[in-house]
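To keep things clear, I will list the structure first and then write my remarks on it.
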């Protein structure tokens with residue numbers, strides 16, 4: 001079996017243009033991957049186009065070998081385009097053997113996955129709004145919620161905005177009770193001193209974690225914050241090398257890792273889960289892309305012993321999403337059922353994709369006030 005062509009499809013999701021990669025083979029099998037970038041669409045499209053020269057004519061049933069070929073060809077740099085191609089090859093490998101990808105990753109540790117909701121607070125930055133929406137999700141069965149209450153803060157946050165942020169967390173905690181886990185997202189916003197101050201303020205709410213309180217690439221700063229506060233720190237979505245997780249875990253103060261498949265690739269994601277397990281750390285893979293990556297993370301999480309919880313934006317997705325992508329596992333009473341269909345189990349409706357073209361304003365603007373509405377700019 002040989003790769004005959006690599007195709008891309010851009011779908012204009014309002015807050016992030018999704019990029020899908022489709023690999024066609026001379027045997028008739030196809031595979032689906034993703035190369036979405038939160039703040040970059042056209043560069044990622046060009047990336048996939050240029051990477052095709054490394055894989056055309058190759059056997060897609062060796063996805064890790066092809067990833068390594070692309071990695072060396074890119075002078076030991078990883079890109080989302082590489083993951084999109086590798087992901088599609090894993091899909092083909094599973095289909096060729098008539099097994100789900102989790103079977104290829106070592107088998108299944110569990111049949112269902114606890115999830116937390118994200119993307120649900122698309123409205124005013126007001127405690128009452130956050131509390132109302134949070135209560136609705138808990139009524140639907142969610143037992144964990146993630147949200148960023150910090151507005152457009154960048155490096156620092158003024159006292160009034162900080163008070164509002166804490167009031168939002170307090171309102172959500174009051175609305176959902178003490179048994180629902182709250183994950184507070186900070187989106188790399190703060191300096192060390194501001195992050196420590198925020199961390200201390202959150203301690204009274206018993207939150208599950210404070211996520212990426214300082215710039216993710218600054219491992220020393222992350223460790224300093226984690227040592228200074230009693231709230232667990234979670235991080236890892238922007239790490240592009242497995243070795244970065246080794247450096248983080250060596251300090252023995254962070255034990256919740258959030259590797260992102262588009263930042264690492266599928267095979268490396270599995271390696272990072274193993275690195276975490278060797279350090280007695282837990283894994284909650286990051287997922288803020290299309291629902292295809294919901295399925296990818298479900299396969300990964302099903303296969304690892306140190307799974308904690310899975311991120312889920314899908315119940316906040318546009319209604320047409322479910323005409324675009326079929327086979328994605330959906331949340332029921334706060335849990336996903338791990339799919340058993342071959343490959344990732346997800347197919348792209350190309351006609352529906354064409355109905356939602358690229359939008360030049362479809363980008364997150366995390367350091368602007370009002371970003372959380374996720375309205376195209």
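The values are calculated or read from the model by the stated rules, or taken from the named source; none is laboratory data. Please read these numbers as outputs of a predicted model, since none were measured by experiment. Positions of Cβ are generated from backbone atoms using ideal geometry, with glycine treated the same way; all protein chains shown enter the neighbour counts.
Somewhere in segment 174-185, is a residue part of a loop (DSSP other than H, G, I, E, B) and under 23 Å from the mean Cα position of the chain (by Cα)? Walk me through how you get there before you give the answer.
As a first pass, look at segment 174-185 and keep what is part of a loop (DSSP other than H, G, I, E, B): 177-180.
Subsequent filtering for residues that are under 23 Å from the mean Cα position of the chain (by Cα) retains 180.
Within segment 174-185, one or more residues are part of a loop (DSSP other than H, G, I, E, B) and under 23 Å from the mean Cα position of the chain (by Cα).
Would you pick out the residues in segment 222-256 that are assigned to a strand (DSSP E or B) and under 12 Å from the mean Cα position of the chain (by Cα)?
In the first step, residues of segment 222-256 are kept if they are assigned to a strand (DSSP E or B); the result is 233-235, 256.
Hit for segment 222-256 is 235, nothing else.
Identify the residue in segment 335-355 that is part of a loop (DSSP other than H, G, I, E, B) and touching a residue at least 40 places away in the same chain (Cβ under 8 Å) and, among all such residues, is surrounded by the fewest Cβ atoms within 10 Å (Cβ to Cβ). Break it down stepwise before answering.
The initial filter retains those residues of segment 335-355 that are part of a loop (DSSP other than H, G, I, E, B), namely 338-342, 344-346, 349, 355.
When the remaining residues are screened for being touching a residue at least 40 places away in the same chain (Cβ under 8 Å), the result is 338-342, 344-346.
Values: 338: 21, 339: 20, 340: 12, 341: 17, 342: 19, 344: 30, 345: 23, 346: 23.
Residue satisfying both the conditions and the ranking: 340.
Restricted to segment 1-21, and to residues that are under 21 Å from residue 94 (Cβ atoms) and within 20 Å of the chain's Cα centre (by Cα), which residue is surrounded by the fewest Cβ atoms within 10 Å (Cβ to Cβ)?
Residue satisfying both the conditions and the ranking: 9.
Please enumerate the residues belonging to segment 55-91 that are out of contact with any strand residue (DSSP E or B) (no Cβ under 8 Å at 6 or more places or on another chain), over 23 Å from residue 18 (Cα atoms), surrounded by 15 or more Cβ atoms within 10 Å (Cβ to Cβ) and touching a residue at least 24 places away in the same chain (Cβ under 8 Å).
Scanning segment 55-91 gives 61, 64.
Yes or no: segment 30-41 includes at least one residue that is outside the structural domain of residue 326 (by TED's automatic domain parsing), touching a strand residue (DSSP E or B) at 6+ places or on another chain (Cβ under 6 Å) and more than 21 Å from residue 71 (Cβ to Cβ).
Yes, because at least one residue in segment 30-41 is outside the structural domain of residue 326 (by TED's automatic domain parsing), touching a strand residue (DSSP E or B) at 6+ places or on another chain (Cβ under 6 Å) and more than 21 Å from residue 71 (Cβ to Cβ).
Of 267, 317, 251, which residue is within 22 Å of residue 224 (Cβ to Cβ) and out of contact with any strand residue (DSSP E or B) (no Cβ under 8 Å at 6 or more places or on another chain)?
Numbers: 267 fails: within 22 Å of residue 224 (Cβ to Cβ); 317 fails: within 22 Å of residue 224 (Cβ to Cβ).
On inspection, the qualifying residue turns out to be 251.
Helices (runs of 4 or more DSSP H) wholly in segment 258-320 with at least 1 residues that are in contact (Cβ under 8 Å) with a residue 60 or more places away in the chain, more than 23 Å from residue 77 (Cβ to Cβ) and out of contact with any helix residue (DSSP H, G or I) (no Cβ under 7 Å at 6 or more places or on another chain) - which ones?
Numbers: elements: 261-264, 266-278, 291-303.
Here the list reads 291-303.
Which one of these is crowded, with 21+ Cβ neighbours inside 10 Å and modelled with pLDDT of 95 or more: 211, 280, 203, 224?
Numbers: 280 fails: crowded, with 21+ Cβ neighbours inside 10 Å; 203 fails: crowded, with 21+ Cβ neighbours inside 10 Å; 224 fails: crowded, with 21+ Cβ neighbours inside 10 Å.
Only one candidate passes the filter, namely 211.
Taking the condition in the same structural domain as residue 314 (by TED's automatic domain parsing), surrounded by 15 or more Cβ atoms within 10 Å (Cβ to Cβ) and more than 24 Å from residue 213 (Cα to Cα), does residue 121 pass? Show your work before the answer.
Values: in the same structural domain as residue 314 (by TED's automatic domain parsing): yes; surrounded by 15 or more Cβ atoms within 10 Å (Cβ to Cβ): yes; more than 24 Å from residue 213 (Cα to Cα): no.
In short, no.
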